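**Student:** Got a structure for you, questions after.
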Amino acid sequence: QKEVEQNSGPLSVPEGAIASLNCTYSDRGSQSFFWYRQYSGKSPELIMSIYSNGDKEDGRFTAQLNKASQYVSLLIRDSQPSDSATYLCAVNTGQTGANNLFFGTGTRLTVIP
Amino acid sequence: SQTIHQWPATLVQPVGSPLSLECTVEGTSNPNLYWYRQAAGRGLQLLFYSVGIGQISSEVPQNLSASRPQDRQFILSSKKLLLSDSGFYLCAWSVYGNGYTFGSGTRLTVV
């Protein structure tokens, strides 16, 4: 079983709509959760982090965490063509050592003008 | 503020040639450092990570190696490149509990 799972997409939404990206994880002890945005040919960029259950909002982005159900989601409101990218979910399991952040394979989002 | 530098941005190398990619971090001490590879259209594959000078952990056995000669320097090497080594190589750093910050990456094409 993969540590972090995401639908690969592609997910297409019209401009101005809400894009909803989902991620599930297997380690119930996971402690911190991150969303990265990766434009084609570029490196991943950290856009959101969330550490406790509930919602965290930052501009048009809202991260949602439900530890009981082991899922984390990212909502993008008023989607823009510039939001078209691959979104990577990452989960820090809290295990000792440096190798404790696990990435999903990413969901490709296309915002249609 | 912390910054991470990675070079070169693009590299085309013949099969069997050596490789050296360098990554340096500024503005932080004793970071955890990572090398990832991303094949075209694929996810991130962790290659190596390091918690300190001279301390290297390998995740995937292959013809690549890594070294950390200084606290904020991480080097990825190969003695003889294979076609399958082509990909997008990413260096990253972190401190415990936080997300990783990635460098700008090196796109390697082995021909």
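**Student:** For the stretch B:45-54, does any single residue satisfy the condition of being more than 14 Å from every other protein chain (Cβ to nearest Cβ) and either closer than 28 Å to A:E5 by Cβ or in contact (Cβ under 8 Å) with a residue 24 or more places away in the chain (or both)?
**Tutor:** no
**Student:** Take residues that are more than 14 Å from chain B (Cβ to nearest Cβ), out of contact with any helix residue (DSSP H, G or I) (no Cβ under 7 Å at 6 or more places or on another chain) and under 27 Å from B:F88 (Cα atoms) and tell me which of the strands (runs of 3 or more DSSP E) falling wholly in chain A contain 3 or more.
**Tutor:** Output list reads A:19-25.
Residues checked against (1) surrounded by 15 or more Cβ atoms within 10 Å (Cβ to Cβ); (2) within 29 Å of B:S50 (Cβ to Cβ); (3) of a type in the set (G, A, S):
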| position | (1), (2), (3) |
| --- | --- |
| A:G54 | no, no, yes |
| A:Q70 | yes, no, no |
| A:S73 | yes, no, yes |
| A:C89 | yes, yes, no |
| A:T93 | yes, yes, no |
| A:N99 | yes, yes, no |
| A:F102 | yes, yes, no |
| A:V111 | yes, no, no |
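**Student:** With (1) more than 10 Å from chain A (Cβ to nearest Cβ); (2) crowded, with 19+ Cβ neighbours inside 10 Å; (3) in a loop (DSSP other than H, G, I, E, B) as the list, and B:G99 as the residue in question, which single condition is left unmet?
**Tutor:** It fails just one condition, (1).
**Student:** Does A:D55 qualify as being out of contact with any Lys or Arg (no Cβ under 9 Å at 6 or more places or on another chain), at pLDDT 95 or above and farther than 25 Å from B:L90 by Cβ?
**Tutor:** In short, yes.
**Student:** Continuing with this model, one more query. Going through the stretch B:75-96 one residue at a time, which ones are assigned to a strand (DSSP E or B), away from chain A (no Cβ under 12 Å) and among the hydrophobic types (A, V, I, L, M, F, W, C)?
**Tutor:** The answer is B:I75, B:L76.
**Student:** Hey, which of the strands (runs of 3 or more DSSP E) in the stretch B:1-69, taking only ones fully inside, have at least 3 residues that are among the aliphatic types (A, V, I, L, M)?
**Tutor:** B:19-26, B:44-52
**Student:** Which residues, counting only those in the stretch B:1-37, are crowded, with 20+ Cβ neighbours inside 10 Å and over 11 Å from the mean Cα position of the chain (by Cα)?
**Tutor:** Passing the criteria: B:I4, B:L19, B:V25, B:P31, B:N32.
**Student:** Kindly indicate which of B:V110, B:V60, B:V51 is surrounded by 13 or more Cβ atoms within 10 Å (Cβ to Cβ) and at pLDDT below 95.
**Tutor:** After ruling out the rest, the residue left standing is B:V51.
**Student:** Can you tell me how many residues within the stretch A:6-24 are over 22 Å from A:P81 (Cβ atoms) and at pLDDT below 95?
**Tutor:** Final tally of qualifying residues: 0.
The values are calculated or read from the model by the stated rules, or taken from the named source; none is laboratory data. In this text, all values refer to a predicted model and were calculated from it rather than measured experimentally. Glycine also receives a Cβ, built like all others from the backbone with ideal geometry; neighbour counts cover every protein chain displayed.
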